[in-house]
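**Student:** To start, I am sharing the structure in question, which I have written as structure tokens.
The values are calculated or read from the model by the stated rules, or taken from the named source; none is laboratory data. Just so it is clear, the model here is predicted, and its values are computed rather than measured. Note: ideal-geometry Cβ built from the backbone for every residue, glycine included; neighbour counts use all protein chains shown. Ligands, DNA and RNA are excluded from the accessible area calculation, which covers all protein heavy atoms including side chains. Shrake-Rupley method; radii C 1.70, N 1.55, O 1.52, S 1.80 Å.
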Amino acid sequence: MTDPALGSLDFLYAPSTDVATDVQWFTEVLGAELVFAIDSGGTRVAMLRLGTDAPPVLVTDHLPDDRPVFLYRVASLSDASKALAERGWTPDRTIELPIGPAAIFHAPGGLRLAIYEPSRPFVVDSMAGQRDF
């Protein structure tokens, strides 16, 4: 069953204990394209493009554990949340990402996912080329 509430898998949000070292490894060893590397308030986030037709990988040091988050686009966070809640879905928490509001949740086995509404899609383009580290 394909869920019309979920759009494309736009980002893989991956934890790292050393973002700068991971960025260097991804770019030098795997040939990833570094879109941006931002250090803001002690939090580091880098966007890497890797592979063909794959979503960008956001490597960061601020996730609470070692599990990545699969970030899916939705047209409306409110509508998607309502549709999913009717099937028993419960968000763990809602957050504000630079690109828009999001709700993080987990599958029964622990896999983390999120849905987000791209209310500020221009933010990624505005950060492109920024290299803080």
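**Student:** May I ask for the net charge around Ala102, where only other residues with Cβ less than 15 Å from the Cβ of Ala102 are counted and Lys, Arg are +1 while Asp, Glu are -1?
**Tutor:** With Lys, Arg at +1 and Asp, Glu at -1, the net is -1.
**Student:** Something else now. Where does each of Thr43, Thr94, Thr60 land when they are ordered by accessible area, with a 1.4 Å probe and the largest first? Don't skip to the answer; put the middle values down first.
**Tutor:** On the way: Thr43 45, Thr94 100, Thr60 0 Å².
Putting Thr43, Thr94, Thr60 in descending order of accessible area: Thr94, Thr43, Thr60.
**Student:** How much area per residue is accessible in the stretch 1-75 when the probe is 1.4 Å and only protein heavy atoms are counted (Å²)?
**Tutor:** 56
**Student:** How large, in percent, is the carbon and sulfur part of the accessible surface of the chain at a probe radius of 1.4 Å?
**Tutor:** About 54 percent, which is the carbon plus sulfur part of the accessible surface.
**Student:** Could you report the stretch 85-133's accessible area per residue, 1.4 Å probe, as an integer in Å²?
**Tutor:** Accessible surface, normalised per residue, equals 59 Å².
**Student:** Can I ask one more? Given Cβ point charges of +1 (Lys, Arg) and -1 (Asp, Glu) and nothing else, what value in debye, to the nearest 20, does the dipole of the chain about its Cα centre take? Before the final figure, lay out each step's value.
**Tutor:** Values: 10 positive and 18 negative charges, 58 e Å.
Taking the Cα centre of the chain as origin, the dipole is about 280 debye.
**Student:** Can you tell which of Trp89, Ala107, Leu30 lies farthest toward the positive end of the dipole of the chain, using +1 and -1 charges on the Cβ of basic and acidic side chains (Lys, Arg; Asp, Glu)?
**Tutor:** Checked the options; the winner is Trp89.
**Student:** Does anyone have the angle between helix 19-28 and the longest principal axis of the chain? Alpha-carbon axes, 0 to 90°, nearest 10?
**Tutor:** Long axis of 19-28 versus the principal axis of the chain: about 70 degrees.
**Student:** Follow-up question, since we're still on this one. Using the Cβ atoms and a cut-off under 14 Å, what net charge is assigned to the surroundings of Leu50, where Lys and Arg are +1 and Asp and Glu are -1?
**Tutor:** Computed value for this residue: -3.
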